[in-house]
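The structure follows.
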Amino acid sequence: MTTSEAQNFNNKALSKNIIFSVITFLLNTFISFFITPYISERFGSDIYGYVKLANEFANYAALFSIALNSMSSRFIMLERVRGDQKKANQYFSSVAVANIIMAAVFVLPSGICVYYLDRIFEINPLMVFEVKLTFALTFLNFIVRLLVSIYSNCYYITNTLYIQSLRGSQASILNVALVLGLFLFFSPHISYVVLGTLAATLFTAAANIFYTRKLTPDLRFRASDFNARCVGDILSSGIWNSITQLSQIFTSGLDLLITNLFISPVMMGYLSIAKTVPNVIFSFNSTVANVFSPNLMQLYARGDREGLKAAAKSAMRFMCLFVSIPSAILCTMGTDFYRLWVPGQPAEMISVMSVLTIVNSCISGPLQPIYQIFTITNKVRSNSIVMIIYGIASLFCTYILLQLTDWGVYAILGSSLTGALLVAFFYHIPYSAKYIGLPKTAFVPEILRSVLSFLAVSAIGFLINRAFDLSSWLAWFSAAIATAALGFAINFSVVLSKKEKLALYTRVKGKLRKNP
């Protein structure tokens, strides 16, 4: 394959990856949009908080598996690109065996946690069994995902993430259909939400196994290929990703737990509602950013440093094109949104919580593709050290503020926000550039463009909000669409380079000619 052909393949793959990522995002948004108000109204906001808390507990358990699985695709892909198929298979099989062992180990602590759950948290006696069942199903879903996680690497390795997103879309449809069907035809239970997720996980697992055999037939699980040294190689780098994840738990993953223990279960429920939409936006940003990762990895593996630099900056500009829009809409129209979405709940307070959660996305959003540089260049150690210091400091500040002030949940969110901004400006922005041979200020213009974009779109949203009554869903969505359209027009004109504008225009024009 020539360089031109390879670039054309990468561009087509990137387009498909983004399109199907957006589809999956919309389906997951649909689930949250309809299920969240139903559960909070039917069971109470505090019970809805336990659904989110169960997922956070699964994330705590994932700390032990991230060290292995977050770096497995890097090692497998590097060996395949270098032509060492035997070594690639050893990494593949070794990770699979290690995951099976970890899954078996997690069964006992998961059972103990579920059994003593009502002694750990304050739970309505009438809902104890329901909450325990929700936690049990969440842990089962985590174990299933762990057992088959190695099979999800095939998409990254072959730069066909659009297939993963397509199957993710189908899994989301299955999730929606099952959850809605259970709520419509049976007496309501909060555990239905997790049942839908478990069904989607099983479907995805089957699809991943199928596509591993189709896309990477050279990769086969053989227990005899297990090599402890391969596991050690991955863990020596991946352990730092676990430390990074631990820092993220310290800064935001403990929010619900701390709120439950230090404030109240009801406030935990409000916070879980406030974080639902921001978390969907963060997930979307991360999903879109991930589609750039295989291309960045391939450029690094081939030793094309100039191509890597150009691709990294281009990925940031592409993220700037979109990330500010949903965040600005939520910041300027959030109170009206929550009045409509969860009537009866304190909309203004929930909106303020959402703003404190999402406002830094104009900085973290463009940085999403750049986070991959630390993995690609195997600089995860320094990143993890910085992040764990930040996490511990944030947790300490949160505790002090809760003890010395009456800020309550705002102390929790404020500590996370302040720390995230400091780390972004003093570490992630300068050192991600340094590790690929760029000046430390190389990515600053892209960040400034994103901040200006956020301010511009926020100004548009504020003016539209002041000019119109957004007391109905029709009015709110009309205002949001108008803000998004104007925001995209502004972003297109100021964010993209002339070359990128021309390339996008040519691509869209070509598509229209094919489909008149």
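I'd like the full set of residues that are within 25 Å of the chain's Cα centre (by Cα) and in a loop (DSSP other than H, G, I, E, B), limited to the range 418-462.
Selection gives Y435, I436, F443.
Is it the case, given these coordinates, that R80 is crowded, with 19+ Cβ neighbours inside 10 Å, under 25 Å from the mean Cα position of the chain (by Cα) and either part of a helix (DSSP H, G or I) or not assigned by TED's automatic domain parsing to the domain that holds L198 (or both)?
On the way: crowded, with 19+ Cβ neighbours inside 10 Å: yes; under 25 Å from the mean Cα position of the chain (by Cα): no; either part of a helix (DSSP H, G or I) or not assigned by TED's automatic domain parsing to the domain that holds L198 (or both): yes.
Considered against the rule, which asks whether it is crowded, with 19+ Cβ neighbours inside 10 Å, under 25 Å from the mean Cα position of the chain (by Cα) and either part of a helix (DSSP H, G or I) or not assigned by TED's automatic domain parsing to the domain that holds L198 (or both), R80 comes out as no.
Suppose the filter is assigned to a helix (DSSP H, G or I) and over 30 Å from A420 (Cβ atoms); does T244 pass it? Give the steps one after another, and end with the answer.
Numbers: assigned to a helix (DSSP H, G or I): yes; over 30 Å from A420 (Cβ atoms): no.
The answer is no for T244.
Listed here are the residues, each with its yes/no results for (1) closer than 18 Å to S152 by Cα; (2) not assigned by TED's automatic domain parsing to the domain that holds G49.
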site	(1), (2)
A199	yes, no
T204	yes, no
L219	yes, no
S224	no, no
G232	no, no
W240	no, no
A274	no, yes
I281	no, yes
S286	yes, yes
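Across the range 111-130, what is the total count of residues that are over 16 Å from S264 (Cα atoms) and either crowded, with 16+ Cβ neighbours inside 10 Å or of a type in the set (D, E) (or both)?
5
Another question, then. What number of residues in the range 280-313 are assigned to a helix (DSSP H, G or I) and either farther than 9 Å from P369 by Cβ or of a type in the set (F, W, Y) (or both)? Spell out how you get there, then give the answer.
To start, the set of residues in the range 280-313 that are assigned to a helix (DSSP H, G or I) comprises 280-290, 293-301, 305-313.
Still in the running and either farther than 9 Å from P369 by Cβ or of a type in the set (F, W, Y) (or both): 280-287, 294-295, 297-301, 305-310, 313.
Matching residues across the range 280-313 total 22.
Six or more apart or on different chains, Cβ atoms under 7 Å: show the pairs whose first residue is in the range 464-481 and in the same structural domain as M333 (by TED's automatic domain parsing) and over 14 Å from T332 (Cβ atoms) and whose second is in a helix (DSSP H, G or I) and of a type in the set (A, V, I, L, M).
Note: pairs meeting the criteria are D469/A475; W473/L340.
Suppose we filter the range 491-502 for residues that are surrounded by 17 or more Cβ atoms within 10 Å (Cβ to Cβ) and either in a helix (DSSP H, G or I) or at pLDDT 75 or above (or both); how many remain? Break it down into steps so the answer makes sense when it comes.
Of all residues in the range 491-502, those surrounded by 17 or more Cβ atoms within 10 Å (Cβ to Cβ) come to 491, 495-496.
Add one more test, that the residue is either in a helix (DSSP H, G or I) or at pLDDT 75 or above (or both), and what stays is 491, 495.
Number satisfying all stated conditions: 2.
Could you check A98 against (1) surrounded by fewer than 20 Cβ atoms within 10 Å (Cβ to Cβ); (2) under 16 Å from A223 (Cα atoms); (3) small (G, A, S) and say which number it fails?
(1)
Inside the range 142-158, can you point out the residues that are surrounded by 21 or more Cβ atoms within 10 Å (Cβ to Cβ) and not in a helix (DSSP H, G or I)?
Within the range 142-158, no residue meets the criteria.
Looking at the range 201-223 only, could you name the residues that are aliphatic (A, V, I, L, M), buried (at least 18 other Cβ atoms within 10 Å of the Cβ) and modelled with pLDDT of 90 or more? Outline the logic, then answer.
Taking the range 201-223 and keeping what is aliphatic (A, V, I, L, M), we get 202, 205-207, 209, 215, 219, 223.
Adding the requirement that they be buried (at least 18 other Cβ atoms within 10 Å of the Cβ) leaves 205, 207, 219.
Residues satisfying the conditions are A205, A207.
How many of the residues in the range 463-488 are more than 17 Å from R339 (Cα to Cα), of a type in the set (A, V, I, L, M, F, W, C) and either within 25 Å of the chain's Cα centre (by Cα) or at pLDDT 90 or above (or both)?
Taking the range 463-488 as the starting set, the residues that turn out to be more than 17 Å from R339 (Cα to Cα) are 463-464, 467, 481-488.
Still in the list and also of a type in the set (A, V, I, L, M, F, W, C): 463-464, 467, 481-482, 484-486, 488.
If we keep only those that are either within 25 Å of the chain's Cα centre (by Cα) or at pLDDT 90 or above (or both) as well, we get 463-464, 481-482, 484-486, 488.
Number satisfying all stated conditions: 8.
I've got another one for you. Please count how many residues of the range 435-488 are charged (D, E, K, R) and either surrounded by 14 or more Cβ atoms within 10 Å (Cβ to Cβ) or in contact with a Leu (Cβ under 9 Å, 6 or more places away or on another chain) (or both).
Within the range 435-488, the first condition is being charged (D, E, K, R), and the residues that meet it are 440, 446, 449, 466, 469.
Right, trim to either surrounded by 14 or more Cβ atoms within 10 Å (Cβ to Cβ) or in contact with a Leu (Cβ under 9 Å, 6 or more places away or on another chain) (or both) and you get 446, 449.
Residues flagged as charged (D, E, K, R) and either surrounded by 14 or more Cβ atoms within 10 Å (Cβ to Cβ) or in contact with a Leu (Cβ under 9 Å, 6 or more places away or on another chain) (or both) within the range 435-488 amount to 2.
Still on this structure, I have one more. Are any of the residues in the range 367-381 over 21 Å from the mean Cα position of the chain (by Cα), modelled with pLDDT under 85 and part of a helix (DSSP H, G or I)?
Yes, because at least one residue in the range 367-381 is over 21 Å from the mean Cα position of the chain (by Cα), modelled with pLDDT under 85 and part of a helix (DSSP H, G or I).
Shifting gears a bit: Under 7 Å between Cβ atoms, at least 6 apart or on separate chains: pull out the pairs that start in the range 416-436 with a residue that is more than 13 Å from N383 (Cβ to Cβ) and at pLDDT 85 or above and end on any residue that is surrounded by fewer than 19 Cβ atoms within 10 Å (Cβ to Cβ) and charged (D, E, K, R).
Pairs that qualify, where the first residue is more than 13 Å from N383 (Cβ to Cβ) and at pLDDT 85 or above and the partner is surrounded by fewer than 19 Cβ atoms within 10 Å (Cβ to Cβ) and charged (D, E, K, R), are A433/K440.
Just to verify a result, which residue in the range 224-241, among those that are surrounded by fewer than 21 Cβ atoms within 10 Å (Cβ to Cβ) and small (G, A, S), is farthest from I76 (Cα to Cα)?
Top of the filtered list is S224.
Could you give every pair whose Cβ atoms fall below 6 Å, whose first residue belongs to the range 86-99 and is β-branched (V, I, T), and whose second residue is surrounded by fewer than 23 Cβ atoms within 10 Å (Cβ to Cβ), counting only separations of at least 6 or pairs across chains?
Qualifying pairs under 6 Å: V97/F226.
Where the second residue is surrounded by 12 or more Cβ atoms within 10 Å (Cβ to Cβ) and the first is more than 12 Å from A61 (Cβ to Cβ) and lies in the range 100-113, which pairs have Cβ atoms under 7 Å and are six or more apart or on separate chains?
As it stands, the answer is I100/L147, since those pairs meet every condition given.
The values are calculated or read from the model by the stated rules, or taken from the named source; none is laboratory data. Fair warning: this is a prediction, and the values are worked out from it, not measured in the lab. We place every Cβ from the backbone using ideal geometry, glycine too, and count neighbours over all the protein chains shown.
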